[in-house]
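Notes follow once the structure below has been shown.
Nothing in this text is a laboratory measurement; each read-out follows from the coordinates by a stated rule. Computed from a prediction, not measured in an experiment: that's the story for all the values here. Every residue, glycine among them, receives a Cβ derived from its backbone with ideal geometry; neighbour counts consider all protein chains shown.
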Amino acid sequence: MPSSGYPANFIRFLGTAGTRFIMLSQRRSSGGIWFSYGGSRGVIDPGPGSLVRICEARPPLSPIDVNTIVLTHRHIDHSSDVNALAEGMTLKSRNPRGFILSTRDALEDGDRVLMKYLSSRIAKKEIHEDGKFTSPAGGVTIESVEHSHHGVECYGFIFRADGLPSWGVISDTAPLPGFPARYGDCELLIVNTALTFPRAKLDHMSLADVGSLLGRVSPAATVITHMGADLLDRGGEYISNRLAARGTKVIAATDGMILTLENPITILKPEEFDNDGAHD
């Protein structure tokens with residue numbers, strides 16, 4: 001069932017903070033991305049404040065409705081609320097329930113981020129491998145795409161479902177030459193973009209890197225999120241103008257922003273909903 005007041009298929013940005021400095025100041029929230037897509041309902045990278053942002057959302061969202069959790073990597077700004085979300089996902093079932101897709105070092109190593117007792121309550125646990133396809137629920141498939149990020153396992157991914165737009169997430173990573181081929185069929189591309197310009201020894205995408213990528217792929221819409229301080233200082237208009245000639249609708253994400261995952265991909269703002277949660 002879709003969440004009350006929302007489209008059947010949508011994304012809500014629970015947080016758009018990029019880098020630990022923005023996370024620690026909470027200049028932007030760091031809660032990750034809520035999605036409802038083809039029968040899968042869940043959260044990507046539930047960082048600090050994810051549970052709070054879900055519970056405060058209007059129209060309402062509920063952690064008990066989650067059936068899918070996806071982690072790109074184990075860094076704290078992407079994973080700190082994973083146990084709270086796993087608790088919600090498994091709360092109402094006496095039998096194991098739900099699906100989690102994560103890196104091996106986040107689920108199995110000594111520095112694992114998911115508690116063992118919660119892991120045992122999750123019905124299906126999958127480990128990212130480059131090019132691997134997994135299926136959480138409702139005919140949805142997720143293709144894992146290997147990234148390169150500061151010595152930890154890290155993956156992006158592409159969601160696909162019959163009759164719905166395909167959408168991809170590029171997480172924290174250095175720009176890699178295989179990205180155009182891997183993400184070329186995405187109708188929506190979400191890119192974690194911490195930097196304005198490339199910086200040596202920092203495995204993060206910059207706005208310049210995104211511009212180069214968009215010279216080779218043509219999604220209907222591109223969302224810039226996980227922004228660092230310089231990009232936040234420059235603002236959304238600067239981001240859109242820098243990428244305006246790339247043949248895609250460029251959106252600088254804001255906390256709470258809602259996108260439909262239906263054709264056409266459309267921005268819905270929380271204030272467009274009335275107090276009963278119905279869309280105007």
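Counting beta carbons within 10 Å around each of L24, L213 and listing the fewest first gives the order L24, L213. Pairs of Lys residues in the chain that lie 8 or more places apart, or on two chains, and have C-alpha atoms under 30 angstrom apart add up to 10. Shape descriptor for the chain: Rg over Rh equals 0.93 (Cα atoms; Rh from the Kirkwood inverse mean 1/r).
Can you figure out the FRET efficiency of A123 with K92, using R₀ = 22 Å and their beta-carbon distance, to the nearest 0.05? Step by step, r from the Cβ atoms, then E = 0.95.
May I ask you to sort F10, F133 by Cβ crowding, counting other Cβ atoms within 10 Å and putting the fewest first? All intermediate terms of the calculation are to be shown ahead of the outcome.
Numbers: F10 20, F133 13.
In order of increasing Cβ crowding within 10 Å: F133, F10.
Within region 183-206, which residues have the backbone N less than 18 Å from the label spot 7 Å out from F21 along Cα→beta-carbon, could you tell me? What the label zone holds, given the 18 Å backbone N cut-off, is 193-206.
Within 10 Å of each residue's Cβ, count the other Cβ atoms and sort Y238, Y37 from fewest upward.
Ascending number of Cβ neighbours within 10 Å: Y238, Y37.
Averaging sequence separations of C-alpha pairs under 8 Å and six or more residues apart, then dividing by the length of the chain, give the relative contact order as a whole percent. Show your work: numbers first, answer last.
Values: 685 pairs, mean separation 49.9, N = 280.
Here the relative contact order equals 18 percent.
What whole number of Å gives the distance from the Cα centroid of region 30-76 to the Cα centroid of region 219-254? First find each Cα centre; the distance between them is then 23 Å.
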